[in-house]
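Since the structure comes first, as structure tokens, the remarks are kept for the end.
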Amino acid sequence: MTFETVRLTVAQATIRFLVNQYVERDGVEQRFFAGTFGIFGHGNVAGLGQALLQNELDPEPDGGAMPYYMPRNEQGQVNAAAAFATAKNRLQTMVCTSSIGPGALNMVTGAAVATTNRVPVLLLPSDQFATRNPDPVLQQVENAQTLDTTVNDAFRPVSVFFDRINRPEQLLPSLMQAMRALIDPADTGAVTLAMPQDVQAEAFDFPVEMFNKRVWHVRRDPLEKAALKRAVELIKASKKPLAIAGGGVIYSEASEELRAFAAATGIPVSDTQAGKGAINHDHPQAVGGVGSTGADSANYLADEADLIIGIGTRYSDFTTASHTQFKNPDVKFVNINVKAFDAVKNGGEMLVADAREALVDLTEALEGFQVSDEYAERIAKEKAAWDKVTHDCYHSGHGPLPSQLEVFGALNEMMGDDDVVINAAGSMPGDLQALWQAKTPVQYHVEYAFSTMGYEIPAAMGVKMALPESEVVAIVGDGTYQMLPMEIATIVQEGLKVIFVLLQNHGYASIGGLSESRGSQRFGTRYRMGGGRPHNQEGEFIPVDLAANAESWGLNVLRVKTIEEFREAFREAENADRATMIYIETDLMGPNPPSISWWDVPVSEVSRIESTQKAYVEHVERKKDQRHYLK
Ligand SMILES: Cc1ncc(C[n+]2csc(CCOP(=O)(O)OP(=O)(O)O)c2C)c(N)n1
Ligand SMILES: [Mg+2]
């Protein structure tokens, strides 16, 4: 059979295909790839680089342009792409290209960020020659055991789909599988197509139809009637049900349906890091974050609950407090999830369905069901008590240095409903999960599946690109800043007006506190001359001026000392016409919000150090609460 073809390089065909991919959900259609991030080297400069140049100079027929952005670090570009996709509720993402070897491997961590958070990113790392003619090529790791692997095989465990395009004929089936995975609500994550540098530049007669506009329907899996019936029976039989809203509720855009479910049944709704904001904090049934770093309001209810209704949650150890949070011996689980892999967790009744679909059906089927008055009163009491704790933490007047909780309080009170707060690692995510009062699903963007230091700055770039009308505020620890600041250059280059809040506490408040509580005396967690070694804990601060450093990247930097000054600076940053950093020194020693919960971090069983011996005794005690959920 003859069919019309067009002669393109593999790289040109890839770009032309990608610009023509659209998604549609609930009747709304949009381009799936908003642009490409790329750092060029010999692996992609003349292949994908040429294709992107050609696209800008002479856009692809019909599909239009694939805007190119020039980041500074390959991990940074993937973090930005993942943040972008998160802010777009997975309905749009970015392509990331890199050269071979180090450039490619720099993307592996970013791939894991996307895959753990279940957000789509398309990675096109370059690969060594398929022909092997010039081997070993610059940056090729030679493996004496086989010529069949390359460093890009490191993407396999962190990708939801991986392929290597060794021949042009492989491109079409591979791109189709890539799209299938990227737009699949249950299977999405990082998709990696490794592109040998010679194959990228090789020409082939591709079928013209390959480049027609293609609209991928993003499905909403309906809830099976039999599963609904079983769930309704369990809920009706429960006395103290508690719902947990995870990221799946937000991705599914099911907030309205969640609010309606809670209002109709009176069932309290707690949330995870990814799910915060799914229900507005001032909803009568919203009881706050659950688990290790949750709010006591939710955790007291979780302790006693006889039924947990998990909605779009993967039940991380923080959510279950390492399997110690749900203490009722008879506790059962009903799990609504698009992914059977998650729905099966904790021996739950599996409701494999889209969150919105399932919530609508459940609310309808539960008509007339209400939690008891006694339970309703309890919910209101816990909620009010935690609101007071939050207020006190936010206005503690801590000194001589302010606490970071007061900074969060100022931000929480000043930021608008559609503004976005970003964080990922350090002591901040825990404090934020406990205290932050989110009014909308967009407001809270904390990457706590991979909790990657270095996510926040590139994420600010990705989120601002996704939501240009929102004020985007990334809270950055001094540790995170030193790990991956360089995307600030890209932010300045692209004229993206974001706000950074740098919390300078000269070390790791997070791991320092954890270290102390587990008997390791804050070893190696302070930025002090001498390296924070045991006898150097109180050495001089290292003379690195992070504010001056940020200024040197081109940021507008406001140095403040008090919370009052912080509030003024935040107003100034909002009104500024360029990216601004507010730099504030905060107390390394906390305080943190009170918490009744625990997190399992193993302590050395034998030791010559007394602090470790004591911590081990406590660890054994807390571990007694750990259990399987098999009802
Ligand atoms: C890439 C990476 N490396 C290591 C860790 C482990 N870790 C978690 S928090 C933290 C320290 C963060 O320091 P900072 O950003 O200053 O925040 P603080 O703890 O002071 O709040 C470390 C090393 C991590 N989460 N990510
Ligand atoms: Mg710090």
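For region 316-350, taking the residues that are touching a strand residue (DSSP E or B) at 6+ places or on another chain (Cβ under 6 Å) and of a type in the set (S, T, N, Q), the one that is surrounded by the most Cβ atoms within 10 Å (Cβ to Cβ) is identified as Asn335. Looking across Lys464, Lys388, Lys439, Lys381, one residue alone is away from ligand 1 (no atom under 16 Å from the Cβ), basic (Lys, Arg) and in contact with a helix residue (DSSP H, G or I) (Cβ under 8 Å, 6 or more places away or on another chain). It is Lys464. Might you let me know whether region 56-68 holds any residue that is in a loop (DSSP other than H, G, I, E, B) and under 28 Å from Thr452 (Cβ atoms)? Taking every residue of region 56-68 in turn, at least one turns out to be in a loop (DSSP other than H, G, I, E, B) and under 28 Å from Thr452 (Cβ atoms). Of the residues in region 509-516, not one is out of contact with any helix residue (DSSP H, G or I) (no Cβ under 7 Å at 6 or more places or on another chain), more than 13 Å from ligand 1 (Cβ to nearest atom) and modelled with pLDDT of 95 or more.
Applying the criterion of being in contact with a Leu (Cβ under 7 Å, 6 or more places away or on another chain) and among the polar types (S, T, N, Q) to the residues of region 67-123, the residue that is nearest to Val420 (Cα to Cα) is Thr93.
Cβ-Cβ distances below 6 Å connect the following pairs, each with a first residue in region 404-416 that is touching a residue at least 24 places away in the same chain (Cβ under 8 Å), a second residue that is surrounded by fewer than 19 Cβ atoms within 10 Å (Cβ to Cβ) and not polar (S, T, N, Q), and a separation of six or more residues or different chains: Ala410/Arg567. For region 520-550, a residue qualifies if it is within 16 Å of ligand 2 (Cβ to nearest atom), touching a residue at least 24 places away in the same chain (Cβ under 8 Å) and in contact with a Leu (Cβ under 9 Å, 6 or more places away or on another chain), and the qualifying residues are Arg526, Leu546, Ala547, Ala550. Residues in region 131-157 that are of a type outside the set (Ser, Thr, Tyr), touching a strand residue (DSSP E or B) at 6+ places or on another chain (Cβ under 6 Å) and surrounded by 18 or more Cβ atoms within 10 Å (Cβ to Cβ): Asn152, Phe155.
Within region 217-238, residues that are touching a residue at least 24 places away in the same chain (Cβ under 8 Å) and part of a helix (DSSP H, G or I) have Cβ atoms under 8 Å from residues that are of a type in the set (A, V, I, L, M) and surrounded by fewer than 14 Cβ atoms within 10 Å (Cβ to Cβ) in no pair, counting only partners at least 6 apart in sequence or on another chain. The set of residues in region 490-513 being part of a helix (DSSP H, G or I) and within 13 Å of ligand 2 (Cβ to nearest atom) consists of Ala509, Ser510, Ile511, Gly512, Gly513. Do the conditions hold for Tyr629, that is, is it within 16 Å of ligand 1 (Cβ to nearest atom) and either surrounded by 16 or more Cβ atoms within 10 Å (Cβ to Cβ) or not in a strand (DSSP E or B) (or both)? So Tyr629 fails the test.
Looking at this structure, is Phe204 part of a strand (DSSP E or B), in contact with a strand residue (DSSP E or B) (Cβ under 8 Å, 6 or more places away or on another chain) and over 28 Å from Phe84 (Cβ atoms)? Yes.
Restricting Ala194, Ala243 to those that are within 19 Å of Cys96 (Cα to Cα) and either touching a Ser or Thr at 6+ places or on another chain (Cβ under 6 Å) or outside any helix (DSSP H, G or I) (or both) reduces the list to Ala194. Being within 23 Å of the chain's Cα centre (by Cα), under 17 Å from Gln21 (Cβ atoms) and surrounded by 15 or more Cβ atoms within 10 Å (Cβ to Cβ) is a condition met by no residue of region 196-211. If you go through region 505-519 and keep only what is aliphatic (A, V, I, L, M) and in contact (Cβ under 8 Å) with a residue 60 or more places away in the chain, you end up with Ala509, Leu514. Within region 485-504, restricting attention to residues that are within 16 Å of ligand 1 (Cβ to nearest atom) and either within 19 Å of the chain's Cα centre (by Cα) or aliphatic (A, V, I, L, M) (or both), the residue that is surrounded by the most Cβ atoms within 10 Å (Cβ to Cβ) is Val501.
Could you look through region 564-584, keep only residues that are surrounded by fewer than 17 Cβ atoms within 10 Å (Cβ to Cβ) and either modelled with pLDDT under 95 or within 26 Å of the chain's Cα centre (by Cα) (or both), and pick out the one that is farthest from Tyr481 (Cα to Cα)? Among those that are surrounded by fewer than 17 Cβ atoms within 10 Å (Cβ to Cβ) and either modelled with pLDDT under 95 or within 26 Å of the chain's Cα centre (by Cα) (or both), it is Glu574.
To keep it simple, each residue is scored yes or no on (1) aromatic (Phe, Trp, Tyr); (2) in a helix (DSSP H, G or I); (3) within 15 Å of Ile309 (Cα to Cα); (4) out of contact with any Gly (no Cβ under 8 Å at 6 or more places or on another chain).
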{"site": "Ala358", "(1), (2), (3), (4)": "no, yes, yes, yes"}
{"site": "Val371", "(1), (2), (3), (4)": "no, no, yes, no"}
{"site": "Ala376", "(1), (2), (3), (4)": "no, yes, no, no"}
{"site": "Trp386", "(1), (2), (3), (4)": "yes, yes, no, no"}
{"site": "Asp392", "(1), (2), (3), (4)": "no, yes, no, yes"}
{"site": "Gly399", "(1), (2), (3), (4)": "no, no, no, yes"}
{"site": "Gly416", "(1), (2), (3), (4)": "no, no, no, yes"}
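Out of region 412-429, which residues are more than 9 Å from ligand 1 (Cβ to nearest atom) and either β-branched (Val, Ile, Thr) or more than 14 Å from the chain's Cα centre (by Cα) (or both)? Scanning region 412-429 gives Asn412, Glu413, Met414, Met415, Gly416, Asp417, Asp418, Asp419, Val420, Val421, Ile422.
Within region 471-489, at least one residue is closer than 30 Å to Ala254 by Cα, modelled with pLDDT of 95 or more, assigned to a loop (DSSP other than H, G, I, E, B) and more than 16 Å from ligand 2 (Cβ to nearest atom).
Looking only at residues of region 525-556 that are within 16 Å of ligand 1 (Cβ to nearest atom) and charged (D, E, K, R), we find that the one that is surrounded by the most Cβ atoms within 10 Å (Cβ to Cβ) is Arg526. In the set (1) part of a loop (DSSP other than H, G, I, E, B); (2) touching a Phe, Trp or Tyr at 6+ places or on another chain (Cβ under 8 Å); (3) within 13 Å of ligand 1 (Cβ to nearest atom), the condition left unmet by Ile457 is number (1). The residue list Gln21, Gln92, Gln75 contains one member that is closer than 15 Å to Gly462 by Cβ, touching a Lys or Arg at 6+ places or on another chain (Cβ under 8 Å) and either at pLDDT 95 or above or buried (at least 23 other Cβ atoms within 10 Å of the Cβ) (or both), which is Gln92. With respect to Thr452, determine if the residue is touching a residue at least 24 places away in the same chain (Cβ under 8 Å), away from ligand 2 (no atom under 13 Å from the Cβ) and farther than 25 Å from Trp598 by Cβ. Here the answer is no, as Thr452 does not meet what is asked. Scanning region 578-586 for residues that are in a helix (DSSP H, G or I), closer than 30 Å to Pro468 by Cα and hydrophobic (A, V, I, L, M, F, W, C) turns up nothing.
The values are calculated or read from the model by the stated rules, or taken from the named source; none is laboratory data. Everything quoted here is computed from the prediction, not taken from an experiment. Virtual Cβ from ideal backbone geometry, glycine too; neighbours counted across all protein chains shown.
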